[in-house]
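Every number in this text was worked out from the coordinates using simple rules, so none of it is lab data. Treat the numbers as computed from the prediction; the structure is a model and nothing was measured. Cβ sites come from the backbone with ideal geometry, for glycine too, and all protein chains shown count toward neighbours.
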Amino acid sequence: MTITAAPCVNDGCLMVRGKVVLTHVPTNIILSPGISGAAFLGSTSPISTSRHVFTLGILEGYKHLCLYRFKIWWMIPGYGKSGSEIPLETQLLLLEIKEESIVEDDDSSGPPTPTTFYVLFLPVLDGDFRTSLQGTPANELQFCAESGDANVQNSQILEPVFISSGDNPFELIKNSIKILEKHKGTFRHIENKKIPAHLDWFGWCTWDAFYTEVNPQDIKEGLQSFSDGGCSPRYLIIDDGWQDTVNEFHKEGEPLIEGTQFATRLVDIKENSKFKSLESEAGCNNLHEFISMIKGKYGLKYVYVWHALTGYWGGVLPSSETMKKYNPKIVYPIQSPGNIGNLRDIIPDSLEKYGVGIIDPQKIFDFYNDLHSYLSSNGIDGVKVDAQNLIETLGSGFGGRVSLTRRYQQALEQSTSRNFKDNNLICCMSHNSDSIYSWKTSAVARASEDFMPREPTFQTLHIASVAFNSLLLGEIVVPDWDMFHSKHDTAEFHGIARAIGGCAVYVSDKPGNHDFEILRKLVLPDGSVLRAKHAGRPTRDCLFRDPVMDGKSLLKIWNLNKLSGVVGVFNCQGAGSWPLKQTIKDMPSTPLVISGNVSPCDVEFIEDVAGENWNGDFAVYAFNSG
């Protein structure tokens with residue numbers, strides 16, 4: 001019998017390399033061979049509709065890793081051994097398949113055997129339909145394809161799920177993304193994008209320091225505080241709080257009704273009164289002078305500002321004289337069953353009641369261009385664009401979620417390329433595949449939910465989720481690990497992760513609240529950082545182990561530097577629980593002590609930096625002990 005790497009369906013079984021991956025494959029499942037041994041799985045239906053759920057087959061007997069959206073904005077990893085453990089909204093599924101097709105005991109150690117290979121399922125975009133994977137209690141693996149517009153229907157979807165296999169999981173994901181890049185033509189691999197220069201410099205974000213109360217004097221005090229400590233940031237993100245907004249649902253002096261804050265709408269592209277007619281203590285009279293002053297006095301190379309993809313959380317105000325030219329109207333989000341089937345989020349839930357002021361897609365480039373050209377004329381160098389996934393809920397009447405997302409994303413990228421140098425755009429709250437597979441020039445995106453300084457149980461989840469999410473995101477963008485606090489119980493934990501993450505290094509310290517000893521371990525005297533070559537990802541032997549809740553597994557993250565490899569080892573056990581998972585009972589009062597193996601072989605592709613004359617020997621240096 002000839003065994004080929006290309007997937008095929010024989011006698012109701014999906015076969016890969018001679019192994020049965022899925023059983024009971026329905027007859028309406030269509031396998032379309034692709035290139036390089038890959039294929040697409042699709043299906044047909046007797047009815048035309050805007051949302052299909054098709055069963056691919058029964059999945060049992062293999063360890064798997066999945067990346068799924070636990071809420072509308074963000075992905076986290078999931079682990080299991082059967083189809084029933086695959087959550088709704090899964091956007092990557094990786095199987096580990098061994099020669100005997102049996103799941104080994106979790107306590108087994110050492111590298112995978114030479115007969116181990118991996119099978120990758122990527123639900124992608126197919127025309128106007130977006131796809132995700134999900135499991136059932138009967139261990140069925142299903143795909144859900146939806147347009148997000150009742151008027152955008154189809155009865156057949158031929159290329160919604162990409163499947164491929166390989167011996168190296170990292171090469172497998174990379175090569176698969178490159179195949180999809182060429183085949184779909186809707187996005188680009190990270191190697192084909194311009195990388196923003198701010199990533200190689202230390203930064204400060206105003207969010208945790210001031211939240212929406214940010215003002216010029218506070219920013220100046222914060223920059224001075226860093227300067228006094230001898231560790232000045234070279235880029236600044238002025239987060240939410242600088243824009244001119246109004247909330248029609250909250251009357252001044254009355255208690256805030258929970259949820260109405262997200263219905264706040266943008267009334268002008270220009271800054272609010274806090275940044276106009278500045279008091280003399282700020283040392284300038286307007287936004288342009290303020291940006292010029294802080295760049296000159298504090299050595300800032302780049303200043304970014306924040307805005308939402310829709311302008312603000314609740315969109316724009318249709319009655320605003322400034323906004324009328326963009327033909328905005330109030331629309332009400334319609335969430336997909338996948339979103340509300342996992343963890344509901346207060347923002348879209350609130351906006352279902354209060355609505356979003358959405359700009360006419362025909363005018364969205366004009367809006368971004370007007371906004372960004374104004375910012376650029378005032379010395380702003382780039383933007384962080386938040387709440388991006390909200391667009392997926394607004395597609396009804398606009399051609400669906402994929403179409404609307406792509407129109408907004410293309411307009412955003414065109415405007416930032418036109419108005420800012422160096423591709424200075426940070427995408428945020430954007431972990432749906434509608435966005436991911438529409439990023440043609442976007443080169444940086446937040447890789448997890450926020451760093452939450454007041455949530456002690458979130459810290460380990462933050463590190464683990466970024467590392468695993470980077471398996472997918474890191475092939476399309478540079479993952480942004482978010483800010484952290486240099487003076488915090490978990491500051492060293494987060495700092496080490498940033499050092500090996502291949503990401504931006506930035507904090508959100510309040511003025512005067514810094515740990516410069518930690519910062520000096522990350523930041524060189526000139527304000528630059530030694531960023532690793534790739535996105536930091538879990539080592540191969542960690543891919544199918546839960547580093548947060550199994551009580552025994554370390555999280556090891558590998559990367560390459562210019563001349564060496566690096567492995568970071570983290571104990572993420574016992575401090576918190578994954579969302580949608582049963583909370584750990586009897587949380588230990590002291591950290592769990594666990595152990596594991598660390599080897600130079602944990603670093604993938606180390607031969608790329610070793611040089612032609614490398615004989616295979618390693619010298620190992622431990623950062624804390626030598």
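For residue 580 and residue 324, what is the calculated FRET efficiency with R₀ set at 45 Å and r taken between the beta-carbons, to the nearest 0.05?
0.55
What order do you get for 490, 405, 115, 206 when you list them from fewest to most C-beta neighbours inside 10 Å?
115, 490, 206, 405
If you take every residue apart from residue 138 with its C-beta less than 14 Å away from the C-beta of residue 138, what net charge results, scoring Lys and Arg +1 and Asp and Glu -1?
Summing Lys/Arg as +1 and Asp/Glu as -1 gives -3.
Where Lys and Arg each count +1 and Asp and Glu each count -1, what net charge lies around residue 517 among other residues with Cβ under 12 Å from its Cβ?
That works out to +1.
For a protection proxy built on the mean count of beta-carbon atoms within 10 angstrom, sort 70-80, 137-147 highest first, please.
Highest-to-lowest ranking by the protection proxy: 70-80, 137-147.
If each of residue 526 and residue 254 carries a label point 7 Å out from its Cα toward its Cβ, how far apart are those two points in nm?
5.7 nm
Around residue 482, with a cut-off of 9 angstrom between Cβ atoms, what is the net charge of the other residues, counting Lys and Arg +1 and Asp and Glu -1?
Summing Lys/Arg as +1 and Asp/Glu as -1 gives -2.
Take every DSSP beta bridge with both residues inside the chain and express the antiparallel ones as a percent of the total, to the nearest 5.
Antiparallel bridges: around 75 percent, rounded to the nearest 5.
In whole Å, how far is the Cα centre of the stretch 306-359 from that of the stretch 595-619?
49 Å
Could you give the size of the charge dipole of the chain about its Cα centre, using +1 on the Cβ of each K and R and -1 on the Cβ of each D and E, expressed in debye and rounded to the nearest 20?
Charge dipole of the chain: 1140 debye, to the nearest 20.
Determine, from the Cβ-Cβ distance of residue 552 and residue 272 and an R0 of 51 Å, the FRET efficiency 1/(1 + (r/R0)^6), rounded to the nearest 0.05.
For residue 552 and residue 272, the calculated efficiency is 0.50.
Is the C-alpha gyration tensor of the chain telling us rounded, prolate or oblate? Criteria: a/c under 1.5 is rounded; beyond that, a/b larger than b/c is prolate, otherwise oblate.
oblate
Whole Å is fine, so just give me how far the alpha carbon centre of the stretch 171-225 lies from that of the stretch 528-557.
20 Å
For the charge dipole of the chain, defined by +1 on Lys and Arg C-beta atoms and -1 on Asp and Glu C-beta atoms about the Cα centroid, which residue among 308, 564, 65 has the Cα displaced farthest towards the positive pole?
Towards the positive end, the residue furthest out is 308.
Obtain the nm distance between the two label points defined at residue 85 and residue 617 by a simple spin-label model: each point lies 7 Å from its Cα along the Cα-to-C-beta direction.
Those two pseudo-labels are separated by 4.3 nm.
Determine, from the Cβ-Cβ distance of residue 246 and residue 8 and an R0 of 60 Å, the FRET efficiency 1/(1 + (r/R0)^6), rounded to the nearest 0.05.
For R0 = 60 Å, the calculated efficiency reads 0.50.
So how strong a dipole does the stretch 8-184 carry about its Cα centre when Lys and Arg Cβ are +1 and Asp and Glu Cβ are -1, to the nearest 20 debye?
In debye, rounded to 20, the stretch 8-184 gives about 480.
Which length gain, in nm to one decimal place, applies between residue 513 and residue 340 when the Cα-Cα distance is subtracted from 0.36 nm times their residue separation?
Using 0.36 nm per residue and subtracting the Cα-Cα distance, I get 58.4 nm.
Once you have a ≥ b ≥ c as the square roots of the Cα gyration tensor eigenvalues for the stretch 313-464, tell me rounded if a/c is under 1.5, and otherwise prolate or oblate according to whether a/b is larger than b/c.
Here the stretch 313-464 falls in the oblate category.
Which of rounded, prolate, oblate describes the stretch 297-379, given a ≥ b ≥ c as roots of the alpha-carbon gyration tensor eigenvalues and a/c under 1.5 marking rounded, otherwise prolate only if a/b is larger than b/c?
oblate
Find how much the distance from residue 353 to residue 178 grows on full extension, using 0.36 nm per residue of separation minus their present alpha carbon separation; answer in nm with one decimal.
Contour length minus the Cα-Cα distance gives 58.9 nm.
Please work out how much length the chain gains when fully extended from residue 421 to residue 455, using 0.36 nm per residue of separation minus the C-alpha to C-alpha distance, in nm with one decimal.
So the extension gain works out to 8.6 nm.
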